[in-house]
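What follows is a set of notes on a single structure, which appears directly below.
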Amino acid sequence: MNSIFACGEALMDMVPTPTTAGCSFRPVPGGCPYNSAIAAARAGGSVHFIGNISTDFFGDKLVEQLSSNDVGLDHVTRSGRPTTLAFVDLQAGEARYAFYNNASANVNLRPPVAGSIGASGDILLVGSISLIKSPASDRIADFAVKSANHMTLAIDPNVRSGMISDRRTWSARMERLFGVASIVRLSDEDLDFVRPGLSAEDFAADLLAGSAALVVVTRGKEGSEAFARNCRVKVRAPQIEVVDTVGAGDTLIGSLLAWLCGHDISTRKALASIDRDALHSLMTFATHAAALNCTRNGCNPPTREEILSFQAKVDS
């Protein structure tokens with residue numbers, strides 16, 4: 001089976017927790033690439049994390065969580081710089097974040113030399129806040145662009161607009177990555193920020209005319225839509241009782257990548273020729289995984305067995 005390499009931030013989500021005194025914040029391991037790595041591993045993928053994790057006690061928790069989920073640590077470095085903290089506000093129904101990231105271990109991430117890891121059919125996933133602040137953002141972008149020559153590059157912008165102080169530079173970096181990526185996943189809100197006023201159909205058509213072979217746009221409770229070279233599908237989200245939406249997008253992309261590797265559709269050539277039946281199966285699996293995550297507190301991706309069991313229940 002081909003492998004998935006998730007590169008980027010590992011942080012602590014400070015999740016609001018009711019107490020008798022009002023509200024406290026509970027630290028929970030998180031970060032888009034980090035969560036996606038765990039989601040992919042639980043969904044059956046062979047996964048490695050590429051990141052710079054603090055030696056503080058939060059960092060120890062982050063490493064422990066990766067290890068307990070069988071995510072490879074060969075490309076994890078440790079740093080004396082602090083762990084990024086992301087305080088989460090759930091009062092509006094959708095998660096909002098306040099990040100404390102300056103001078104963190106994440107900002108100083110240094111990926112391995114491009115070409116030293118991965119092969120055709122292996123997937124490199126990058127995205128989110130690790131692509132915002134230098135020097136890590138520039139290092140990761142350079143690593144991803146060069147790695148796209150021999151690996152399948154997946155991009156998940158997972159936009160955190162409140163952290164983007166230089167939108168022009170950030171947009172140029174994202175467009176550079178879109179130009180070489182084979183897989184792009186973003187929410188409808190991400191799309192409004194990345195390409196204001198552009199429809200999902202036109203955005204997908206633009207990317208598919210270049211290097212992309214699969215573009216996925218997610219719409220929360222409305223489900224998701226996937227565009228490939230030869231077909232497109234819409235998958236409705238199953239009806240669930242939502243606890244919160246933290247990590248739903250991370251769970252979707254991680255489960256999606258694991259499914260592709262598990263079905264030998266992870267090379268650029270295979271992705272370019274994916275048919276509608278396979279695309280529908282892929283998106284059903286990933287969408288149901290994201291839905292299951294939303295029935296739990298925080299980002300807590302389901303296992304492959306849980307996803308398949310849930311699908312069977314929904315279909316019955």
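Observations, loosely collected:
Yes/no per residue for (1) modelled with pLDDT of 95 or more; (2) assigned to a loop (DSSP other than H, G, I, E, B); (3) closer than 21 Å to F285 by Cβ:
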| position | (1), (2), (3) |
| --- | --- |
| V15 | no, no, no |
| P18 | no, no, no |
| V28 | no, no, no |
| S36 | yes, no, yes |
| A39 | yes, no, yes |
| F49 | yes, no, no |
| E64 | yes, no, no |
| R81 | yes, yes, no |
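- Count of the stretch 221-267 residues which are touching a Ser or Thr at 6+ places or on another chain (Cβ under 7 Å) and small (G, A, S): 6
- Members of the stretch 193-210 that are surrounded by fewer than 16 Cβ atoms within 10 Å (Cβ to Cβ) and at negative phi: P196, L198, S199, E201, D202, A205, D206, A209, G210
- Residue within the stretch 293-306 that is over 18 Å from the mean Cα position of the chain (by Cα), free of Cβ contacts under 8 Å to residues at least 12 places away in the same chain and over 19 Å from A181 (Cα atoms) present: yes
- Of all residues in the stretch 189-245 being in contact (Cβ under 8 Å) with a residue 40 or more places away in the chain and touching a Phe, Trp or Tyr at 6+ places or on another chain (Cβ under 9 Å), the one that is nearest to H288 (Cα to Cα): P238
- Selected residue (only one of S128, S120, S137 is in contact (Cβ under 8 Å) with a residue 24 or more places away in the chain and open to solvent by 10 Å² or more (accessible area, probe 1.4 Å)): S120
Residues are listed down the side, and each one gets a yes or a no for (1) open to solvent by 40 Å² or more (accessible area, probe 1.4 Å); (2) without any contact (Cβ under 8 Å) to a residue 40 or more places away in the chain; (3) more than 30 Å from G262 (Cβ to Cβ):
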{"site": "V15", "(1), (2), (3)": "no, no, yes"}
{"site": "P18", "(1), (2), (3)": "yes, yes, yes"}
{"site": "G31", "(1), (2), (3)": "no, no, no"}
{"site": "N35", "(1), (2), (3)": "no, no, no"}
{"site": "S46", "(1), (2), (3)": "yes, no, no"}
{"site": "L73", "(1), (2), (3)": "yes, yes, no"}
{"site": "T77", "(1), (2), (3)": "yes, yes, no"}
{"site": "G80", "(1), (2), (3)": "yes, yes, yes"}
{"site": "R110", "(1), (2), (3)": "yes, no, yes"}
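- If you go through the stretch 140-173 and pick out every residue that is of a type in the set (S, T, N, Q), in contact (Cβ under 8 Å) with a residue 40 or more places away in the chain and open to solvent by 10 Å² or more (accessible area, probe 1.4 Å), you end up with 1.
The values are calculated or read from the model by the stated rules, or taken from the named source; none is laboratory data. Just so we're clear, the structure is a prediction, and the values are computed from it rather than from any experiment. Here the Cβ is made from the backbone with ideal geometry for all residues, glycine too, and neighbour counts use every protein chain on show. Protein only, heavy atoms only, side chains kept; ligands, DNA and RNA dropped before computing areas. Shrake-Rupley method; radii C 1.70, N 1.55, O 1.52, S 1.80 Å.
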